[in-house]
Amino acid sequence: MTTEKEIQAKQVKTRAFIDQKPGTSGLRKKVTQFQQTGYLENFVQAVFNTIAPCQGKKLVVGGDGRYFNREAIQVIIKMAVANGFSHILVGQGGILSTPAASCVIRKNQACGGIILSASHNPGGPDEDFGIKFNAENGGPAPEKLTDAIFQETLSMEQYLSIDADDIELDTLASVQLGECQIDIIDPVSDYADLMESIFDFKAMKALVTSGDFRMCFDAMHAVNGPYAIEIIEKRLGAPKGTVINGIPLTDFGGGHPDPNLVHAHELVDLLYGDDPLDFGAASDGDGDRNMVLGKKFFINPCDSLALLTANAHLIPAYAKGIAGVARSMPTSRAVDRVATAMDIPCYETPTGWKFFGNLLDAGKITLCGEESFGTGSSHVREKDGLWAVLFWLNLIAVKKQSVNEIVTSHWAQYGRDYFTRHDYEAVDSAAAQDMIGQLRAKIATLPDQVIAGATVESADDFEYIDPVDNSKTVAQGVRIYLTNGGRIVFRLSGTGTQGATLRVYLDTYQQNPELLAQETQQALSELIAVAEAVAGIKSFTGREKPCVIT
Ligand code: VG1
Ligand code: CO
């Protein structure tokens, strides 16, 4: 379809907002904030100004389907046309999972993409919305770029748009708006093809159709439903109904699309009930996180990264070996042990996928991950929930072992890093800042102190110098190392939309074969007591216990 009409860009006056600083992963606010006149438009114009000139360039647009996704996409398309983009690729229905957006940007050599998502945060008129820009490598904009975008927002006086009817998003089509071609693309096929090029689909198909392997994938009413149905049910042939909650809903069915033991309770019931399945998996709102479960068995994401690294040679795409690995700082050191054994480099980065981009682009790493249910590889520049699930299926298919056997034999070989994260959500911001401030102030005096029976070996506030571009990122979390091998990390979340969220990460290493099967909170109870003693969490937050324990 072609519109012959002349398209005239119009300048629209706006006022600047001072609160558009992107956090760990883009700008996340309540929907109501995004609905303020000019709020979304300002941020989008700031992105376009930062990457200008936009003339002749290709842009990818899509989101996780949450409330306000469609409205935002219409605004962005019109602004992109007015700003001179020559080609816009939009996922059908406004849908693109975060990893699929990364894949589409790379495959089509776009100059970048705008992804609309607040990830695992709830959706709906009174819930969360988010927007982020991914650069031409398909990865989240690095800090240099997000800082520049933020600077632009502070002086925003006008944005560019056009007067035009809304674009029909539900039909695959190519539409010409003035000089710009807008393609409504199948959001799934490129991504599904990429997965097929990485894994041994033949072996996986044999596994999931064998009749003695029962599995479930919970898409949590979020974006990965169509991807999982296409790949797991259609291409791998798993029985219909293997994917549950597979239709993306604007409010995610009223739940938190967060794949953990608390929020993915429907799946958890299937794996921990009377007649448990062999394998269960879930992903989050925008499809980049994953949780993998065996029969009555939870795989900690830190262990998952270590295991995928140790077994990467069994996957066709990584059979020739991997260049190196990286983990975010709070992630346990399980993967470090594997990297040492494999004699490959292991990098420790600040929290957030944007810090992996340079390492992946430079070919220094092949796999990377975070404790927050994020795992990924050089196939895209985002963490990738479904990829991680397929990796596990591929491993089970070729090792012919259960999840439980694979993990416990890994611990037997490498020892076990017990890990937990305690979240205190929506606490008073000033109190949380104060707590972190006081911890920072005493870092220098901590070494050699005995706290709740444990001796501090060292302490610091994590800083990172990117080995590729030498950029420096400071104040990424207070780390306390104990002489008994334990580690405690305190940091504030950069994705919350209400008050502050304090995250306390605790991990300790156990090599004694007799002590590898403890309950995690039990194994970490002494460390938990040290964390309270050193930081005074209860008195600062006014909370007796964390809201979420993972
Ligand atoms: C959290 C996680 C972090 C992850 C980020 C984005 O950030 O801790 O590991 O990269 O979310 O993931 P924070 O700053 O709240 O701790 V997603 O799936 O929410 O885009
Ligand atoms: Co996410």
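The values are calculated or read from the model by the stated rules, or taken from the named source; none is laboratory data. Worth saying up front: this structure is predicted, and the values here are computed from it rather than measured. Don't worry about glycine lacking a Cβ; one is built from the backbone with ideal geometry, like all the others, and counts go over all protein chains shown.
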**Request:** Tell me, yes or no, whether the range 261-269 has at least one residue that is surrounded by fewer than 19 Cβ atoms within 10 Å (Cβ to Cβ) and within 16 Å of ligand 1 (Cβ to nearest atom).
**Result:** yes
**Message:** For the range 129-148, check the following and say yes or no: at least one residue is farther than 28 Å from I465 by Cβ, touching a helix residue (DSSP H, G or I) at 6+ places or on another chain (Cβ under 8 Å), at pLDDT 95 or above and not β-branched (V, I, T).
**Reply:** yes
**Prompt:** Y509 is checked against (1) over 22 Å from the mean Cα position of the chain (by Cα); (2) of a type outside the set (V, I, T); (3) under 24 Å from S429 (Cα atoms) and fails just one. What number does that condition carry?
**Reply:** (3)
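Go through the range 162-175 and give me each residue that's of a type in the set (V, I, T) and part of a loop (DSSP other than H, G, I, E, B).
First pass over the range 162-175, keeping only residues of a type in the set (V, I, T): 162, 167, 171, 175.
Matches in the range 162-175: I167, T171.
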**Message:** Restricting to the range 401-431, name every residue that is buried (at least 21 other Cβ atoms within 10 Å of the Cβ) and aliphatic (A, V, I, L, M).
**Reply:** V403, V407, V427
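Just checking, how many residues over the range 288-297 are surrounded by 24 or more Cβ atoms within 10 Å (Cβ to Cβ) and more than 16 Å from ligand 2 (Cβ to nearest atom)? So that I can check it myself, show each step before the final result.
At the first step, the residues of the range 288-297 found to be surrounded by 24 or more Cβ atoms within 10 Å (Cβ to Cβ) are 288-293.
After this cut, where a residue has to be more than 16 Å from ligand 2 (Cβ to nearest atom) as well, the list is 293.
Residues flagged as surrounded by 24 or more Cβ atoms within 10 Å (Cβ to Cβ) and more than 16 Å from ligand 2 (Cβ to nearest atom) within the range 288-297 amount to 1.
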**Asked** Regarding G536, is this residue at pLDDT below 90 and more than 16 Å from ligand 2 (Cβ to nearest atom)?
**Response** no
**Request:** Give the range 152-161 a look and list any residue that's part of a helix (DSSP H, G or I) and either hydrophobic (A, V, I, L, M, F, W, C) or free of Cβ contacts under 8 Å to residues at least 60 places away in the same chain (or both), or say none.
**Result:** L154
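Okay, residues lined up against (1) modelled with pLDDT of 95 or more; (2) touching an Asp or Glu at 6+ places or on another chain (Cβ under 8 Å); (3) more than 26 Å from E370 (Cβ to Cβ):
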site: P226; (1), (2), (3): yes, no, no
site: V243; (1), (2), (3): yes, yes, no
site: G246; (1), (2), (3): yes, no, no
site: N260; (1), (2), (3): no, no, no
site: L267; (1), (2), (3): yes, yes, no
**Request:** Pairs only if they're at least six apart or on different chains, beta carbon under 7 angstrom, first in the range 99-111 and in contact (Cβ under 8 Å) with a residue 24 or more places away in the chain, second polar (S, T, N, Q) and surrounded by 23 or more Cβ atoms within 10 Å (Cβ to Cβ); list them, first residue then second.
**Result:** A101/N134; S102/N134; I105/N134
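Would you list the strands (runs of 3 or more DSSP E) that sit entirely within the range 64-142 and hold 3 or more residues that are within 16 Å of ligand 2 (Cβ to nearest atom)?
Details: elements: 87-95, 112-116, 128-134.
Strands (runs of 3 or more DSSP E) meeting the threshold: 112-116, 128-134.
So that you can scan it fast, the table gives a plain yes or no per residue for (1) among the charged types (D, E, K, R); (2) modelled with pLDDT under 95; (3) within 16 Å of ligand 1 (Cβ to nearest atom):
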position	(1), (2), (3)
S283	no, no, yes
A310	no, no, no
V335	no, no, yes
G352	no, yes, yes
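Counting only residues that are touching a helix residue (DSSP H, G or I) at 6+ places or on another chain (Cβ under 9 Å), give me the helices (runs of 4 or more DSSP H) lying completely in the range 238-343 with at least 1 of them.
Counting at least 1 such residues, we get 301-311, 334-342.
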**Item:** the range 457-495 - residue that is surrounded by fewer than 21 Cβ atoms within 10 Å (Cβ to Cβ) and closer than 23 Å to H256 by Cβ and, of those, nearest to ligand 2 (Cβ to nearest atom)
**Value:** T495
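In the range 371-386, what count of residues is obtained for those that are within 10 Å of ligand 1 (Cβ to nearest atom) and over 15 Å from P140 (Cα atoms)? Give the steps one after another, and end with the answer.
First, the residues of the range 371-386 that are within 10 Å of ligand 1 (Cβ to nearest atom): 371-374, 382-383, 385.
Now drop any that are not over 15 Å from P140 (Cα atoms), which leaves 371-373, 385.
Final tally of qualifying residues: 4.
Can you give me the number of residues within the range 80-116 that are polar (S, T, N, Q), crowded, with 23+ Cβ neighbours inside 10 Å and on the phi > 0 side of the Ramachandran plot?
Filtering the range 80-116 for residues polar (S, T, N, Q) gives 83, 86, 92, 97-98, 102, 108-109.
Subsequent filtering for residues that are crowded, with 23+ Cβ neighbours inside 10 Å retains 83, 97-98, 102.
Those still in the list that are on the phi > 0 side of the Ramachandran plot too: none.
Here the count works out to 0.
I need the full set of residues from the range 228-237 which are outside any loop (DSSP other than H, G, I, E, B) and more than 17 Å from G280 (Cβ to Cβ), in order please. If you could, list the steps in order and put the result at the bottom.
Of the range 228-237, the ones outside any loop (DSSP other than H, G, I, E, B) are 228-235.
Correct list: E230, K234, R235.
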**Only listed residue being touching a His at 6+ places or on another chain (Cβ under 9 Å), among the hydroxyl-bearing types (S, T, Y) and either part of a loop (DSSP other than H, G, I, E, B) or on the phi < 0 side of the Ramachandran plot (or both), chosen from Y505, Y509** = Y505
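So that you can scan it fast, the table gives a plain yes or no per residue for (1) of a type outside the set (G, A, S); (2) in contact with a Pro (Cβ under 9 Å, 6 or more places away or on another chain); (3) in contact (Cβ under 8 Å) with a residue 60 or more places away in the chain:
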position	(1), (2), (3)
H410	yes, no, yes
G437	no, no, no
A441	no, no, no
S493	no, no, yes
**Prompt:** (1) surrounded by fewer than 18 Cβ atoms within 10 Å (Cβ to Cβ); (2) within 22 Å of the chain's Cα centre (by Cα); (3) small (G, A, S): which one isn't true of A319, the others all being true?
**Reply:** (2)
**Prompt:** Just wondering, is there one or more residues in the range 274-287 that are within 16 Å of ligand 2 (Cβ to nearest atom), in contact with a strand residue (DSSP E or B) (Cβ under 7 Å, 6 or more places away or on another chain) and polar (S, T, N, Q)?
**Reply:** yes
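Residues of the range 512-531 being more than 16 Å from R487 (Cα to Cα) and either assigned to a helix (DSSP H, G or I) or out of contact with any helix residue (DSSP H, G or I) (no Cβ under 6 Å at 6 or more places or on another chain) (or both), which ones?
Of all residues in the range 512-531, those more than 16 Å from R487 (Cα to Cα) come to 512-519.
Within the range 512-531, N512, P513, E514, L515, A517, Q518, E519 meet the criteria.
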**Prompt:** When the range 501-531 is examined, which residues are found to be within 19 Å of K442 (Cβ to Cβ), more than 16 Å from ligand 1 (Cβ to nearest atom) and crowded, with 17+ Cβ neighbours inside 10 Å?
**Reply:** L527, V530, A531
**Residues that are within 22 Å of G130 (Cα to Cα) and of a type in the set (S, T, Y), drawn from the range 244-285** = T250, S283
